[in-house]
Amino acid sequence: MSQPGHDTHQHEAAHDHGHHAHGTPHPATRSMALSATLHCLTGCAIGEIAGLMIGTALGLGTGWTIALAVGLAFLAGYTLSTLPLLRAGLGVGTALGVVLAADTLSIATMELVDNTVMALVPGAMDAGLVNPVFWLAMTLALGVAFLAAYPVNLALLRRGKGHALTHEHHTSTAAVTGARRFIPALSTSTLVAAIAAFMLAGFLVSLYDSLGEPPATHAAGPVGTPLHPGGR
């Protein structure tokens, strides 16, 4: 004969098991995956462009420039994900731990695909920042990287991982007080718009520069004047 308390405990355990089996604490949706992928894309774009600009300015080789760009992409991506958690009240160590678990696979996927596409586009790796080829190739690379990272984020969210780990902190309604008030609250849409505007401006400047170059001229005198004074 079973004891009433034991039956109650079994019922509660079964209820808890059913809750975890049939539901997840952070439901994965396509909109969440889209937002997570765009969020990672902005960090990757900031790091990639900054790394290429610095590498070009310092005259670094292609390999070192790519390494710098990838490193800055991870740094920018982690930073953009950490700031909202700090604003929500998490400590630095806790926030970094959550972000490393949530974003690493997504950023790594983007960086792998992005740099592969850049390497495959003829002339993209050798094009300078004032070359339209660079900006067109970068736009293509980021677009393909987005398409590659989206299913990765969606799969992680369905398992309660990835950006699901940070979702509850992003939706916190707790009042922001103290020094946390000075941490900027940057929405994903704002970041995407800023990156798009920057890349468009870079493309237009490079296009203007390439079209504005004067045609190559030969060392010839005025019309009708021989090239060499003694020529006939």
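The values are calculated or read from the model by the stated rules, or taken from the named source; none is laboratory data. This structure is a prediction, so every number in the text was calculated from the model and none was measured. Using ideal geometry, Cβ is built from the backbone for each residue, glycine included, and neighbour counts are taken over all protein chains shown.
Any chance segment 129-136 includes a residue that's assigned to a loop (DSSP other than H, G, I, E, B), surrounded by 10 or more Cβ atoms within 10 Å (Cβ to Cβ), more than 20 Å from the chain's Cα centre (by Cα) and at pLDDT below 75? No, the conditions are met nowhere in segment 129-136. Taken over segment 80-90, residues that are in a helix (DSSP H, G or I) and farther than 21 Å from Val152 by Cα amount to 5.
Within segment 44-53, one or more residues are closer than 29 Å to Thr188 by Cα, surrounded by fewer than 22 Cβ atoms within 10 Å (Cβ to Cβ) and at pLDDT below 85.
Tell me, which residue of segment 106-126 that is of a type in the set (Asp, Glu) and assigned to a helix (DSSP H, G or I) is surrounded by the fewest Cβ atoms within 10 Å (Cβ to Cβ)?
Across segment 106-126, the extreme among qualifying residues is Glu111.
Out of Thr37, Thr94, which single residue is surrounded by fewer than 17 Cβ atoms within 10 Å (Cβ to Cβ) and within 24 Å of Arg159 (Cα to Cα)?
Thr94
Residue-by-condition table, conditions (1) of a type in the set (Lys, Arg); (2) at pLDDT below 90; (3) closer than 17 Å to Cys40 by Cβ:
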site: Glu111; (1), (2), (3): no, no, yes
site: Met125; (1), (2), (3): no, yes, no
site: Leu140; (1), (2), (3): no, no, no
site: Phe146; (1), (2), (3): no, no, yes
site: Pro151; (1), (2), (3): no, no, yes
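Exactly one residue out of Gly63, Gly93, Gly71, Gly77 is assigned to a helix (DSSP H, G or I), out of contact with any helix residue (DSSP H, G or I) (no Cβ under 9 Å at 6 or more places or on another chain) and under 20 Å from Thr116 (Cβ atoms): that is Gly63.
Among the residues of segment 22-31, is any modelled with pLDDT under 80, part of a helix (DSSP H, G or I) and more than 14 Å from Leu191 (Cβ to Cβ)?
So the first thing to find is which residues in segment 22-31 are modelled with pLDDT under 80, and the list is 22-29.
Filter once more, so that each one left must be part of a helix (DSSP H, G or I): 22.
Filter again for more than 14 Å from Leu191 (Cβ to Cβ), leaving 22.
Checked against the condition, which is being modelled with pLDDT under 80, part of a helix (DSSP H, G or I) and more than 14 Å from Leu191 (Cβ to Cβ), segment 22-31 yields at least one hit.
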